[in-house]
Amino acid sequence: MSSFTVFDCNLIQLPKIHNRAGNITPVENLINLPFSVHRVYYLYDIPGGESRGAHGHIKLESLIVAVSGSFDVTLDDGRNKKLITLNRPYFGIHIKPGMWRDISNFSSGAICLVLASELYDESDYIRDYDDYKKWKLNS
Ligand code: TYD
């Protein structure tokens, strides 16, 4: 599962149902999302200049959406990097298993929604970049 590269991680455009009273963006397992969600979490109240992430995941697959504000997601597969700026609530970056990710450059009041394929499991994390690189390049 770790043979994916950053080039396998693509932006997904989600539906936007618009009317005068505002918009709705639905996300449905295996319909407009290529995996099933087992956990949802969101990052908010992020102090200016902070960054999050800075870890790899072995099995976890996710969709990250800027439901409010904007931020940058940097993906790294040990060989290549890809930077994606998210700033619309109807676009998400689909992160395949085995990626290293950093999330930075949060705008004031940004909310980062993460739809994750797995329940929280610390053993799925690789928190040291050199360890990640060794694992990725050997798997
Ligand atoms: P972490 O995933 O390292 O945060 P980030 O990648 O956004 O910087 O998690 C930070 C802390 O929160 C860590 O102690 C684990 C805990 N946590 C949970 O308990 N459940 C979760 O679903 C997540 C994402 C984190």
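Kindly provide the set of residues from the stretch 112-133 that are of a type in the set (D, E, K, R), assigned to a loop (DSSP other than H, G, I, E, B) and touching a strand residue (DSSP E or B) at 6+ places or on another chain (Cβ under 6 Å), ordered by number. Break it down stepwise before answering.
Going through the stretch 112-133, the residues of a type in the set (D, E, K, R) turn out to be 118, 121-122, 124, 127-128, 130-131, 133.
Still in the running and assigned to a loop (DSSP other than H, G, I, E, B): 118, 121, 127-128.
Within the stretch 112-133, 127 is the sole residue that qualifies.
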- Any idea which of (1) within 16 Å of the ligand (Cβ to nearest atom); (2) farther than 27 Å from residue 138 by Cβ is the one residue 70 doesn't satisfy? (1)
- Query: Just for strands (runs of 3 or more DSSP E) wholly inside the stretch 19-68: which have at least 3 residues that are of a type in the set (Val, Ile, Thr) and under 13 Å from the mean Cα position of the chain (by Cα)?
  - Reply: 62-68
- Give the stretch 84-111 a look and list any residue that's outside any loop (DSSP other than H, G, I, E, B), of a type outside the set (Phe, Trp, Tyr) and more than 13 Å from residue 7 (Cβ to Cβ), or say none. 85, 86, 92, 101, 102, 103, 104, 111
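All of the numbers you see were taken from the coordinates with simple rules; none came from a lab. Only a predicted model underlies this, so the values are computations on that prediction, with no experimental measurement involved. Don't worry about glycine lacking a Cβ; one is built from the backbone with ideal geometry, like all the others, and counts go over all protein chains shown.
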